[in-house]
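Visitor: Have a look at this one.
The values are calculated or read from the model by the stated rules, or taken from the named source; none is laboratory data. Because the structure is predicted, anything quoted here is derived from the model rather than measured. In this analysis, Cβ positions are derived from the backbone assuming ideal geometry, glycine residues included, and neighbour counts consider all displayed protein chains.
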Amino acid sequence: MRLLLVLSVVLAVILGCHAYSATWGRRVNNDFLLSRTREVRNPIKNNYWNVNVNYPAGFYNISAVIVYDNFKNNSGASPSLYSGGPGYRFATVNLRGQVNRGIDSTVEVWGR
C-alpha cells in the first residue's frame with residue numbers, strides 16, 4: 001500500500017513538471033488548419049490570467065484541438081477544453097496561467 005502511495009506521488013510530480021501542452025482528438029492527413037491563435041499575455045503581480053479562446057461555429061467538423069505551450073520552462077498556461085471540440089463545429093479552450101507568470105500559448109483547430 002505504501003508503494004502505491006509513493007508511486008502516485010512520483011507520478012503527480014512528473015505530470016506537474018512538464019510543459020502544459022494538450023491535445024484533444026486526432027489529426028489525420030486529410031485534415032486542414034481551421035484556426036491558429038497565439039495568446040501572449042504579460043505577467044500580473046500576485047494574480048493570474050484566465051483567457052478563453054473561442055472558435056465559433058463554422059461549416060467544418062473539428063477533428064483535433066491542439067494547444068502548444070511556447071514556454072519551455074514549465075511556466076505556461078494550463079489548458080482546458082470547456083465546450084465543443086472534436087466531433088463538434090465549435091470549440092472553447094480556457095488557458096489559466098500561473099500566479100505571477102504570463103501566458104504564451106498557441107491554439108490550433110484542425111478539421112475536415
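Visitor: Looking at (1) under 16 Å from ARG26 (Cβ atoms); (2) part of a loop (DSSP other than H, G, I, E, B), which is the only condition ASN47 fails?
Guide: (1)
Visitor: Hey, any hits in segment 33-42 for a residue that's farther than 15 Å from GLU108 by Cβ, modelled with pLDDT under 90 and among the polar types (S, T, N, Q)?
Guide: yes
Visitor: Of everything in segment 64-102, what is more than 11 Å from the chain's Cα centre (by Cα), more than 12 Å from SER35 (Cα to Cα) and in a strand (DSSP E or B)? Give them in sequence order.
Guide: Hits for segment 64-102 are SER83, GLY84.
Visitor: Would you confirm, using the coordinates I've provided, whether GLY85 is modelled with pLDDT of 90 or more and among the small types (Gly, Ala, Ser)?
Guide: yes
Visitor: Only one of these conditions is not met by TRP110: (1) crowded, with 18+ Cβ neighbours inside 10 Å; (2) in a loop (DSSP other than H, G, I, E, B); (3) touching a Lys or Arg at 6+ places or on another chain (Cβ under 6 Å). Which number is it?
Guide: All conditions are met except number (2).
Visitor: Now for a different question. Suppose we keep only residues that are under 15 Å from ASN52 (Cβ atoms) and among the small types (Gly, Ala, Ser) within segment 88-112. Which one would you say is modelled with the lowest pLDDT?
Guide: Step by step, filter segment 88-112, then rank; the result is GLY97.
Per-residue answers, yes or no, for (1) surrounded by fewer than 15 Cβ atoms within 10 Å (Cβ to Cβ); (2) touching a strand residue (DSSP E or B) at 6+ places or on another chain (Cβ under 9 Å); (3) touching a residue at least 40 places away in the same chain (Cβ under 8 Å); (4) among the aromatic types (Phe, Trp, Tyr):
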position	(1), (2), (3), (4)
ARG41	no, yes, yes, no
TYR55	no, yes, yes, yes
GLY76	no, yes, yes, no
ASN100	yes, no, yes, no
ILE103	no, yes, yes, no
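Visitor: Restricting the search to segment 62-112, which residues are among the small types (Gly, Ala, Ser) and closer than 12 Å to TYR20 by Cβ?
Guide: Passing the criteria: SER75, GLY76, ALA77, SER78, SER80, GLY97, SER105.
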